[in-house]
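The values are calculated or read from the model by the stated rules, or taken from the named source; none is laboratory data. Fair warning: this is a prediction, and the values are worked out from it, not measured in the lab. Reconstructed Cβ throughout: ideal geometry from the backbone, glycine too, with neighbour counts over all protein chains shown.
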Amino acid sequence: MTLPAVHNTGVLYRRILSQFPQDISLAFAYGSGVFKQHGTSQGQMEKNMLDFVFAVDDPVTWHTLNLLQNRKHYSILKLLGPTKISSIQNEHGAAVYYNTLVPVDGRIIKYGVISTASLIDDLMHWKTLYVAGRLHKPVKMLAQSENGKLRAALVANLKSAVTASFLMLPESFTEEDLFLQIAGLSYAGDFRMVLGEDKSKVANIVKDNIQHFKILYSNILKDCPQAVYKPQQGKLEVDKSPEGQFTQLMALPRTLQQRITKLVDPAGKNRDVEEILLQVAQDPDCGAVVQQGISSIVKSSSITQSIKGIATAGMWKTVSYSSKKLMKMWKGWRRKPSVSQMS
């Protein structure tokens, strides 16, 4: 199964992409400027910032070329040069370097640069769940190289999202329940969901994009030995026996297994990971333990990446970007019916 790429993404995306160095192994657009979210009009959507991620094989060379082409996109860090920018990208936060609030072709964009190796690592092992989490949700694929390792990692990441979600859901559930669980994985533990994001964000992402989620996950669900998938009814049943849960836990990405092990065995009594996961599989709170493990990964990467974002964006852009996020959160809060209206 290959990830569905959207080839006819329109002139706008191709024009934007053409303004960057072309040595890109993967480029995708995501977020509320790309996919309609519940409660957002077409007009609002067209005003939203467009978000991109570019994976590049050689960040130093890419930033060297991009500094020549698009020097104004960078904050004061541009004075440090491409080698230092690349080390800031790779060694801090979620290994992504963002330039934000960039005007291109009449739109405001934000783009993150990650090395292909770091992306594959995150997709396979959920080291930070930062870009991997964005790729759990529908995105518009704009460019993809013939890198077999990357292709396999993209599919592995989707399978891991399904497996982790199965562990947190009951025995039977709907497609929408599953997609809500999957879409929420990368927000679990993200401090920005407490301050700066619209609380109904996950539901808004899923509601108007069920069809896109189906395209992304239907083949994986049909081929999954742990579940019975009934696409006509939009329902699933999953094996919740200790044996079934153990199989699922053993299939989780390595970093998540390590976080679960740490939660269950904080003293580190040198017990085998397999032994601990066997214990978790028999625990009625198995799903909650998996949720905690995911939250601990997201929490640390979201905080460190946001701190790095202040430096890479520059202070003025950070204040501007943060105020827009807080405004969105306020609008989302105001949209929710009050208790008196509901009763």
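In table form, for the structure just shown:
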| item | result |
| --- | --- |
| Contacts under 7 angstrom Cβ, first residue in the stretch 217-237 being closer than 17 Å to K159 by Cβ, partner of a type in the set (F, W, Y), 6 or more apart | L221/Y229; K222/Y229; Q226/F166; A227/F166; L236/F173; L236/Y229 |
| Counted residues, the stretch 32-73 - those being under 20 Å from L135 (Cβ atoms), touching a Ser or Thr at 6+ places or on another chain (Cβ under 6 Å) and among the hydrophobic types (A, V, I, L, M, F, W, C) | 1 |
| Identity of the residue in the stretch 252-283, touching a residue at least 60 places away in the same chain (Cβ under 8 Å) and touching a Ser or Thr at 6+ places or on another chain (Cβ under 9 Å), that ends up surrounded by the fewest Cβ atoms within 10 Å (Cβ to Cβ) | T255 |
| Residue count for the stretch 230-250, restricted to those that are surrounded by 17 or more Cβ atoms within 10 Å (Cβ to Cβ), closer than 17 Å to Q291 by Cα and under 25 Å from the mean Cα position of the chain (by Cα) | 3 |
| Filtered residues of the stretch 236-286 (kept if touching an Asp or Glu at 6+ places or on another chain (Cβ under 7 Å), of a type in the set (D, E, K, R) and modelled with pLDDT of 95 or more) | E237, K240 |
| Among the candidates L278, L256, residue that is in a helix (DSSP H, G or I) and over 25 Å from G112 (Cβ atoms) | L278 |
| Q22 vs. criteria surrounded by fewer than 22 Cβ atoms within 10 Å (Cβ to Cβ) and assigned to a helix (DSSP H, G or I) | no |
| Tally, over the stretch 112-160, of residues that are modelled with pLDDT of 95 or more and acidic (D, E) | 2 |
| Flag for G39 being modelled with pLDDT under 95, of a type in the set (G, A, S) and closer than 30 Å to K222 by Cα | no |
| Residue in the stretch 185-193 that is modelled with pLDDT under 95, within 27 Å of T40 (Cα to Cα) and among the hydroxyl-bearing types (S, T, Y) present | yes |
| Unmet criterion (only one of (1) hydroxyl-bearing (S, T, Y); (2) touching a strand residue (DSSP E or B) at 6+ places or on another chain (Cβ under 8 Å); (3) closer than 28 Å to D283 by Cβ) for Y130 | (3) |
| Listing of strands (runs of 3 or more DSSP E) fully contained in the stretch 32-118 that carry 1 or more residues being surrounded by fewer than 18 Cβ atoms within 10 Å (Cβ to Cβ) and without any contact (Cβ under 8 Å) to a residue 24 or more places away in the chain | 96-104 |
| Tabulated pairs, the stretch 4-31, first farther than 26 Å from Y130 by Cβ, second modelled with pLDDT under 95, C-beta under 6 angstrom, 6+ apart or interchain | R15/D105 |
| Scope the stretch 281-294; condition under 21 Å from D239 (Cβ atoms) and part of a helix (DSSP H, G or I); matching residues | A281, C286, G287, A288, V289, V290, Q291, G293, I294 |
| Qualifying residue in the stretch 303-319 (condition: assigned to a helix (DSSP H, G or I), modelled with pLDDT under 55 and closer than 30 Å to Q89 by Cβ) | yes |
| Pair list, Cβ < 6 Å and 6+ apart or interchain, from the stretch 170-182 residues that are touching a residue at least 12 places away in the same chain (Cβ under 8 Å) to residues that are of a type in the set (S, T, Y) | L178/S165; Q181/S165; I182/S165 |
